[in-house]
1. Return the aspartates and glutamates within reach of LYS154: Cα separation strictly under 18 angstrom, same-chain partners fewer than 8 residues apart disregarded; answer none if there are no such residues.
2. Separation between the LEU218 and SER12 pseudo-spin-labels, each 7 Å from Cα along Cα→Cβ, expressed in nm?
3. Net charge within 14 Å of VAL23 by Cβ-Cβ distance, Lys/Arg positive one each and Asp/Glu negative one each, not counting VAL23 itself?
4. Calculated FRET efficiency, ALA117 and ALA175, Cβ-Cβ r, R0 30 Å, to nearest 0.05?
5. Most fluctuating residue of PRO234, PRO57, PRO86 in a GNM of the chain with Cα springs under 10 Å: which is it?
6. Picking from ARG125, ARG69, ARG95, which is most flexible by a Gaussian network model of the chain using Cα springs under 10 Å?
7. Round to a whole angstrom and tell me the spacing of the C-alpha centers of segment 156-180 and segment 31-52.
8. R0 = 30 Å: FRET efficiency of ARG76 with GLN209, Cβ-based, nearest 0.05?
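The values are calculated or read from the model by the stated rules, or taken from the named source; none is laboratory data. Given the structure is predicted, the values throughout are model-derived calculations rather than measurements. Here the Cβ positions follow ideal geometry from the backbone for every residue, glycine too, while neighbour counts run over all protein chains shown. Surface areas here come from the heavy atoms of the whole protein model, side chains and all, with no ligands, DNA or RNA. Shrake-Rupley method; radii C 1.70, N 1.55, O 1.52, S 1.80 Å.
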Amino acid sequence: MGVIDEKLERLSTSVRALGSALVCYSGGVDSAFVLAIATRELGEHAVGMTAVSPSLPPGELDQAATLAREIGAVHRTVASNEMADPRYVANATDRCFYCKSELYHIAQAKQREWGLAAILNGTNRDDLGDHRPGLEAATNAGVRSLLVECGFSKVDVRAGSQAIGLRAWDKPALACLSSRIPYGTSVTVERLAQIGGFEAELKRLGFRQVRVRYHDKLARVELDLAELERAVDPAVRGEIVAADQRNGFRYVTLDLGGYRMGSHNEVIAGRSLRVI
């Protein structure tokens, strides 16, 4: 038995032992993998819950619903109201804590309403090395991170997903739109719509791994390094500039460093912003 097979068996055993579970399901590969295993092991006693708010990228809800149907999972949506929390809107370095606290508060209420034994998320071991205040929120709410408990890295999640035939095994990394706004710049519905609209247009142009980082009138676009050359092709470049302006930005710049997870975290020293 290979390493991935061993981890899959460990994960399956852990899920079966729960008897029933609510999976916080965003539609990303990590939570989709957990939902697929939970559905396989628990059937209708596993429920995928997707929280809907302005920070959800355009099209992701439809994709999550489609993927849940393919998995054969019970899938339910709920409204998330993190925008009502001024601490979230203020967008300090602990913004994610308030977002996840809202998510898990809803999940706890739904867990009781639906009569489920546990709440699961899609956190994997690689997530432990980044600035993730949401991990504290999960601990506070008693949410289980079975991928961490069973030793899954991001690479393992993709390998395990491929092994069980999950179509989304190679889906690009997913994060909420608020993560595109620099710390200290407030989160607003209008800014989220700008970012989401521009990213959607870039994806329609065929770019797969996309982040639009908000800098007031300027959009800093991160793409997979393999896609940078295509982005500066004169015809494509013109389309990008037009899309940028249609979505309320005045300038657009291409980040030559390419896509990297949580690039706004690069300004953080410890848990506070660097003073420059």
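1. ASP5, GLU6, GLU9, ASP30, ASP126, ASP127, ASP130, ASP170, ASP224
2. Those two pseudo-labels are separated by 5.2 nm.
3. Here the charged neighbours net out to +1.
4. My answer for the efficiency is 0.55.
5. In the Gaussian network model the winner is PRO234.
6. Of the options given, ARG69 has the highest mean-square fluctuation.
7. 15 Å
8. 0.55
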